[in-house]
Amino acid sequence: MKNKVIVLGCSSGGLAVIRALGKRGLHVIALSHDPHDIGLSSKYVGEVAICPHPRNLDAFLEFMLEKAPLWSDLLIIETGDYYAEALSKLKPELSKHYRFVTQSWDVLSLFLEKENTYKLAVECGVPCPKTYYPESLEHLKTMQKEISFPCIIKPTQSHAFVARFKTKLFVVHTFDQLLKQYSRCLEAELPVILQEIVPGDDTTYERVHIYLNSKGKPGVEVYHKTLRLSPPRYGVMRVGATVEPLPEARELAYRLLEHAGYHTGVACFQFKRNERTGELILIEVNGRIPRSVQIDMGAEVDVPWIIYQDIVKDVQLPLEPYQETTWIELWPDILNKLVKDEKKFSDIREFIAPYLSSNKTFAIFSWSDLKPFLKQMSLLPKIAKRKMKVKSPSETTPLTEQPNKISRHELA
């Protein structure tokens, strides 16, 4: 019998993990609350299981405990915020039956709940955007003279906000717009914070993916720069490239980890270089496998295998140099260009440059495992139609009022 591992969440990040472990000969149990997740169709999936949505903690716990006799002592690698939150909050119960590197809630909440992240950053001297924490509409009105526009309305928990509004944040240009959008968030019972906008285009973002192994040492450390986001400036990375280690980003990332008491787990940091001052500013931290983890594999850093060897085999693989690679989320990048980009083809050379890279890797597309890509293609007409209807965050209108099953494949 092959050694088994559970991949929890099977969209783009989960697919990368499934492929990596499947290629190593492991029996991958693909576990998701969404039967339409594209990763479930990968040829590297050994078996599929559908669980309750992890936001329903009681139902999710009951499911995992029912499976415990069959899956006892297996490693779980989670690839989404809802799953990370559930494993973290249920760690006292689930750690008796499973292995996973998710932090306990007192630590993970420092990064999953954004207001905690920025308060931590201030405490340990890591530069971050000027942030406001309104507690009510009345409280917000007292801040009118303090706030500069345009500014950002950012959720304290991104995954819940994206599930409702289909965008990562709102950009508002006047106090009236701020009141309107803040009221929407209150109605949706989604806590938010307000932030100044850090000047800079898509290429001013600096990122680092870190895995601290069971001995407290770095097992993974890969640095990237963003080439394109969608929507531009505030959105999800669609194209990025590995770069040489970034000393300043490294120092700030490890300072945050130390102050948070982070140990044995994945942490992914995003900073932005203020194009006016040159200061490196913390944007966000994810305490789980990121959606862009395939960029690490493309750079020949097999993150899931490193975790598996550490947690299951007690073998700590050495930190190795990584290769230069470009990561592309193919269809979202192309659709954004065709549907949303006002330049269209005026900058075509700049647009296609990443596709001409000698060493590139795709988030979904793979000649050796085509089914997930074909499944994604089948969703394109609906995605394109929705993109043509919606506005960008800078236009202050949420992308939709109701959850859309298509969007999770695009944003996850």
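What follows draws every value from the coordinates through simple rules; no lab data is involved. No experiment lies behind these values; they were computed from the predicted model shown. Note: ideal-geometry Cβ built from the backbone for every residue, glycine included; neighbour counts use all protein chains shown.
Structure values in brief
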item: Mean Cα-pair separation over length for the stretch 4-102, i.e. relative contact order, pairs under 8 Å, 6 or more apart, %; result: 29
item: Residues residue 347 and residue 319, FRET efficiency given R0 of 51 Å [Cβ-Cβ distance, rounded to 0.05]; result: 0.85
item: Cβ-placed point charges (K, R +1; D, E -1), dipole of the stretch 202-379 about Cα centre in debye, nearest 20; result: 560
item: Sorted by Cβ neighbour density within 10 Å, fewest at the top, the residues 156, 142, 79; result: 142, 156, 79
item: Quotient of C-alpha Rg and 2.2 N^0.38 Å, computed over the stretch 202-379; result: 1.08
item: Flagged links, alpha-carbon separation over 27 Å, of 4/166; 4/215; 89/166; 4/168; 89/382; result: 4/166; 4/168; 89/382
item: Computed log₁₀ I(q)/I(0) - Debye formula, equal Cα scatterers, no solvent, the stretch 139-262, q 0.09, 0.12 Å⁻¹; result: -0.36, -0.62
item: Cβ-based exposure ranking for 225, 130, in which fewest neighbours within 10 Å come first; result: 130, 225
item: Under the Karplus curve 6.51 cos²θ - 1.76 cosθ + 1.60, θ = phi - 60°, whole-Hz ³J(HN,Hα) for the stretch 322-331, x wherever Gly or Pro sits; result: 10, 8, 6, 8, 10, 10, 10, 9, 3, 5
item: Contact order normalised by residue count of the chain, Cα under 8 Å, 6+ apart, percent; result: 18
item: Evaluated over the stretch 4-102, the Cα radius of gyration and Dmax, each in Å; result: 12.2, 34
item: Rounded to whole Å, sorted largest first: equivalent-ellipsoid semi-axes of the chain, Cα gyration tensor; result: 31, 25, 23
item: Calculated [θ] (222 nm, deg cm²/dmol) that DSSP helices of n ≥ 4 give over the chain, each run adding -39,500 (n - 2.57); result: -10000 deg cm²/dmol
item: Estimated dipole of the stretch 1-66 in Debye, rounded to 20 [Cβ of Lys and Arg +1, of Asp and Glu -1, Cα centre]; result: 520
item: Neighbour cut-off at most 13 other Cβ (10 Å), DSSP loop, trypsin sites (Lys or Arg not before Pro), the stretch 244-299; result: 276
item: HN-Hα J in Hz across the stretch 190-202 - Karplus 6.51, -1.76, 1.60, θ = phi - 60°, x for Gly and Pro; result: 10, x, 9, 10, 10, 9, 5, 8, 7, x, x, 8, 4
item: The stretch 101-196: GluC sites (Glu not before Pro) in DSSP coil with no more than 12 other Cβ atoms inside 10 Å; result: 135, 146, 189
item: Longest exposed-site-free window of the chain, the sites being chymotrypsin sites (Phe, Trp or Tyr not before Pro) in a DSSP loop that have at most 14 other C-beta atoms within 10 Å; result: 1-344
item: Cut-off under 5 Å, modelled amide H: who pairs with residue 283 long-range; result: 270, 271, 272
